[in-house]
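Please read the structure below before turning to the comments.
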Amino acid sequence: MKLRNVAIIAHVDHGKTTLVDRLLQQSGAFRENQRVAERALDSNELERERGITILSKVTSLLWQDTRINIVDTPGHADFGGEVERILNMVDGAIVLVDAAEGPMPQTKFVVGKALKVGLKPIVAINKVDRPDARPSAVINEVFDLFAALDASEAQLDFPILYGSAKQGWMAATPDDPKQSMAPLFDLVLRHVAPPAVEEGPLRMLGTILEANPYLGRLVTGRITSGSVRPNQAAKVLDRDGNLIEQGRVSKVLAFRGLERQPIEEGTAGDIVSIAGLPEATVSHTICTPDVSEPLPAQPIDPPTLAMTFRINDSPLAGTEGDKVQSRVIRERLLREAEGNVALRIAESTDKDSMEVAGRGELQLGILIETMRREGFEFSVSRPKVLFERDASGELMEPIEEVVIDVDDEHSGTVVQKLSERKAELVEMRPSGGGRVRLIFYAPTRGLIGYQGELLTDTRGTAVMNRLFHAYGPHKGEIPGRRNGVLISNDVGEAVAYALWNLEERGPMMIEPGWKVYRGMIIGEHTRDNDLEVNVLKGKKLTNIRTHSKDEAVRLTPPIRMTVEKALAYIADDEFVEVTPKSIRLRKKLLDPHERKRDERRKEAERV
Ligand SMILES: Nc1nc2c(ncn2[C@@H]2O[C@H](COP(=O)(O)OP(=O)(O)OP(=O)(O)O)[C@@H](O)[C@H]2O)c(=O)[nH]1
Ligand SMILES: [Mg+2]
């Protein structure tokens with residue numbers, strides 16, 4: 001059977017998963033009466049909620065007499081490490097570019113990777129239905145991008161389609177009849193080479209990892225040579241050729257539309273999932289016992305951000321979740337690291353905490369959110385950027401490329417705020433409609449917590465995109481920019497009247513009736529020092545305190561903390577307390593006297 005393997009790559013939100021929907025539909029991969037959700041491939045709960053792809057997924061369809069395996073990839077930079085591996089598994093890539101936004105940082109990143117592995121991408125200008133679409137300008141920008149990335153002659157000669165994934169059509173020009181995805185299917189068959197296969201026995205490079213509730217660990221990859229059948233003996237080698245395990249394949253699964261089917265034999269060139277090898281992971285070679293050379297595999301990108309996960313030891317610990325012991329948290333994190341190659345987990349010196357390192361705030365935030373939904377309670381520290389030392393011993397830190405689209409009138413503020421955070425402005429140009437595009441190189445350290453501030457400064461109108469650029473020399477101290485916080489000095493339930501009295505001190509983070517404890521952060525101070533306050537004091541009434549009176553107080557709505565907001569907000573001497581029901585902020589040291597002592601100790605160390 002004829003076969004094609006192709007990946008869809010793009011900046012976040014440019015329409016990859018929507019395109020896959022249409023390709024599946026129009027190839028007849030769904031049964032007539034099958035109910036299929038929008039963006040069907042974004043199947044996990046957090047993907048659906050946030051409308052983004054987190055995990056790469058493979059799907060497969062038939063077009064005429066050819067089977068096409070399609071890999072949908074995540075566009076968000078935190079999950080970008082995966083894209084390069086995926087590109088090694090396919091023979092072609094469809095680069096989607098939003099017809100209004102044009103190439104964005106992640107477009108540059110994924111196109112760079114595709115060119116590097118020698119692919120000749122197809123460019124599809126998507127969303128031409130947008131009223132602000134500017135397809136011909138965008139195509140020029142794409143051309144410049146390819147040239148800037150040192151594309152070869154053959155790569156520069158990329159075929160182009162225009163269309164709308166949402167409306168379900170692609171065409172050779174924006175003015176061609178807007179009929180269907182057929183032009184894209186035909187182009188894939190014409191332009192993407194059939195998979196190159198090698199001689200010899202079974203060898204497959206592990207590329208995607210999953211934990212399946214029934215089958216155990218599933219490793220997905222493209223078979224480089226030979227074939228694989230259920231029950232056959234197999235071994236697993238790491239990148240350096242070390243033997244990881246010897247065992248038996250229990251099942252071979254092929255992709256069919258949104259599902260996977262057990263098959264009797266997977267053959268070279270096809271993308272399949274293999275079950276039965278519990279130690280195999282991404283970058284490992286699965287092969288027959290007589291093979292001794294692993295397939296070349298790309299090392300996994302090192303993490304750039306780390307935080308501490310520890311038990312929840314606040315006075316409210318254990319009241320909302322049932323998974324609270326350090327052993328259970330530890331096991332859960334180790335399990336996560338098994339299925340998620342971008343995470344690195346290390347034990348800390350004290351037994352109650354683990355150091356979790358990953359690729360960004362979103363990735364770690366999603367892990368935290370997943371765990372709290374599973375019933376976990378724990379606390380996490382402020383994310384720390386991981387530094388490196390170069391050959392001469394100089395301290396290096398991760399630098400990101402940051403692209404901000406903002407209304408002209410706010411650009412001054414943005415430039416000023418970012419330069420305070422040690423960012424360097426590298427480009428500034430009008431991006432149409434009274435907006436400017438600002439491009440910076442900024443230390444990751446300085447960007448933690450900036451998103452919220454940016455939205456406040458620009459009345460929610462700015463759009464920020466960021467992408468790892470390189471390690472660069474450490475930029476020196478970045479002054480903390482946050483105000484102080486309001487801290488509860490007592491334990492009990494917050495009272496509306498007390499909160500109302502405190503309103504002039506700053507915005508609250510809690511509501512009346514919420515449980516508080518000593519050392520818990522209940523709001524933000526308008527000044528830069530921390531302030532202890534009492535949120536339990538009700539109005540003194542002569543007789544009985546009536547609740548109705550209490551509720552009559554009109555309060556400003558509090559700041560709603562999400563996991564990611566909380567992580568961006570807290571300081572080094574604070575924790576986020578995460579439970580299935582609540583996200584609370586607290587001081588690491590709950591006792592005010594201990595905090596004072598600690599403060600004095602730090603002061604003494606500084607002089
Ligand atoms: N107007 C318009 N909107 C589109 C089109 N294609 C996709 N969208 C919308 O763009 C948004 C993002 O679409 P997705 O398919 O999730 O984009 P994605 O590239 O998979 O995003 P990530 O996986 O998070 O990188 C959704 O709201 C889509 O409805 C299009 O052709 N025209
Ligand atoms: Mg997607």
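The values are calculated or read from the model by the stated rules, or taken from the named source; none is laboratory data. What you see is a predicted model, and the numbers here were worked out from it, not measured in a lab. Cβ: placed from backbone, ideal geometry, glycine included. Neighbour counts: every protein chain shown. We work out accessible area using only protein heavy atoms, side chains counted, and drop any ligands, DNA or RNA first. Shrake-Rupley method; radii C 1.70, N 1.55, O 1.52, S 1.80 Å.
Quick notes on this one:
- Which of 472, 360, 391, positive extreme of dipole for region 352-483 (C-beta unit charges): 360
- Computed over protein heavy atoms with a 1.4 angstrom probe, the accessible surface ordering of 351, 588, 16, largest first, is 351, 588, 16.
- With the convex hull drawn around the C-alpha atoms of region 72-154, the volume per residue stands at 91 Å³.
- Ignoring aspartates and glutamates fewer than eight residues from residue 166 along the same chain, the ones with Cα atoms less than 18 angstrom from its Cα are 13, 21, 38, 42, 72, 98, 101, 129, 132, 175, 176.
- Pairwise alpha-carbon distances in region 198-294 exceed 15 Å for 53% of all pairs.
- Three semi-axes of the equivalent ellipsoid, the chain, Cα gyration tensor, whole Å, largest first: 46, 30, 24
- Ordered from largest to smallest accessible area (heavy atoms of protein chains, 1.4 Å probe), the residues 307, 464 come out as 464, 307.
- Cα-based reach from residue 515 at 24 Å (exclusive), listing lysines while leaving out same-chain residues under 8 positions away: 323, 537, 539, 540, 549, 565, 581, 587, 588
- Heavy atoms of residue 565: accessible area, 1.4 Å probe, square angstrom to 10: 100
- Counted charge near residue 195, where neighbours are those whose Cβ lies closer than 12 Å (Asp, Glu -1; Lys, Arg +1): +1
- A dipole drawn for the chain from +1 and -1 charges on Cβ atoms has a positive end, and of 302, 249, 502 the residue lying farthest that way is 502.
- Span per principal axis, largest first, for the Cα atoms of region 100-191 (Å): 34, 30, 18
- Magnitude of the charge dipole for region 145-266, about its Cα centre and with charges confined to Cβ atoms of Lys, Arg (+1) and Asp, Glu (-1), is about 620 debye.
- Too-long pairs where the Cα-Cα distance tops 26 Å, listed order kept, from 475/596; 16/475; 127/422; 113/475; 57/108: 475/596; 16/475; 127/422; 113/475
- Pairwise Cα distances in region 468-536 exceed 18 Å for 43 percent of all pairs.
- Kirkwood-based Rg to Rh ratio, region 32-186, C-alpha trace: 0.95
- Selected from 100, 126, 89, residue furthest toward positive end of dipole (region 73-126; charges at beta carbon): 89
- From its DSSP helices (H runs of at least four residues, each -39,500 (n - 2.57)), the chain gives a residue-normalised ellipticity at 222 nm of -7000 deg cm²/dmol.
- Loop GluC sites (Glu not before Pro), region 143-226 (other Cβ atoms within 10 Å of the site Cβ: 10 or fewer; DSSP): 199
- For residue 482, the solvent-accessible surface with a 1.4 Å probe is about 70 Å², rounded to the nearest 10.
- Using the Cβ of residue 2 as centre and a radius below 9 Å, the other residues enclosed give a net charge of +1, where K and R count +1 and D and E count -1.
- The distance separating the Cα centre of region 390-410 from that of region 245-321 comes to 33 Å.
- Spatially proximal aspartates and glutamates relative to residue 384 (Cα-Cα < 17 Å; intrachain offsets below 8 disregarded): 78, 347, 355, 361, 397, 400, 477, 564, 572, 573, 574
- Surface composition of region 347-427: carbon plus sulfur atoms hold 47% of the accessible area, using a 1.4 angstrom probe and ignoring ligands, DNA and RNA.
- Per residue, the convex hull volume that the Cα atoms of region 399-451 enclose (Å³): 62
- Shape category assigned to region 378-470 from the gyration tensor of Cα positions, a/c cut at 1.5: oblate
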